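The values are calculated or read from the model by the stated rules, or taken from the named source; none is laboratory data. Keep in mind that this is a model prediction, so the values were computed, not measured. Virtual Cβ from ideal backbone geometry, glycine too; neighbours counted across all protein chains shown.
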Amino acid sequence: MVGGLPFLPAGTTLPPAPYLLAVLLATGGVVAALRRRRPRVTGRRVLALAPWMALGSAAHVLYVVDALPPVLAPFAGSPTVYLTVGSLAGAAWLAADAARPDRVAETLAVAGALCLAPVVAVAVSTGLSPAGARWSTVALALTLPIAGAAWVGLTRFRPETAITGGVGALAVFGHALDGVSTAVGTTQLGFGERTPLSRILLEFDWIPSVPVIGEGWLFLLVKLAVASAVVWLFAEYVRDRPTEGYLLLGFVAAMGLGPAAHNLLLFAVAG
């Protein structure tokens, strides 16, 4: 357990040494293979990683609700699960690039969805919470217009950000969904925030409350502002060095979409 260290989310753990070694070796091997093959990086291919971003979070929900076999559970702890799923996604990218280099994006997206579906199904089979599922749906429904408005406003205020395309939009959407779902979970379901800095923003009891998301609107506003600023700052990088730019912006998107997917699924089964 390392979650007691400052600024680390509660529940942060390291797996037993054999598991950690296996994950590090697998990750290192996939990274080396990717560097050697250097598959082409495009916005569509990075966008196709969205199901894989959600897969890690869904697998961690199984870990949280103790629905994984003991032999697999250490692979799904936080942050190990991100290396586990990252190595799987990288291996899938390599396989797709070798087999169908003209259909990499489609293959990646389908493979990720096929891996994600049974994980979600297992989580739901542990027991669906009607209240949690309802509030997860509300959070998703609220996010769509909020993220849409933020993206339209950003591209109009800073037209150069449009070059980030779907990856930039995914980054804004992912962080908007994380902000809304966290606020809804805290206000309506009594969930706590595991990240210390985020918890500080959610515990300002002197700010006015709004319907559904309570005082969490400040957390959402900060998330949207930071995500929009990062997308704007990355626009020039994406234009000049698209390979690195799209990969890093995809990482930013994952930092929002992953926790958001975790929130929605956890609320639905444990709310």
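A single entry from Leu177, Leu154 fulfils the requirement of being in contact (Cβ under 8 Å) with a residue 24 or more places away in the chain and under 19 Å from Pro259 (Cα atoms): Leu177.
For the range 58-75, filtering for residues that are within 24 Å of Leu170 (Cβ to Cβ) and at pLDDT below 95 leaves 0. Of the helices (runs of 4 or more DSSP H) lying entirely inside the range 11-117, those containing at least 3 residues that are in contact with a Ser or Thr (Cβ under 9 Å, 6 or more places away or on another chain) and within 19 Å of Tyr246 (Cα to Cα) span 80-99. Residues in the range 35-56 that are over 19 Å from Val252 (Cα atoms) and surrounded by 16 or more Cβ atoms within 10 Å (Cβ to Cβ): Pro39 alone.
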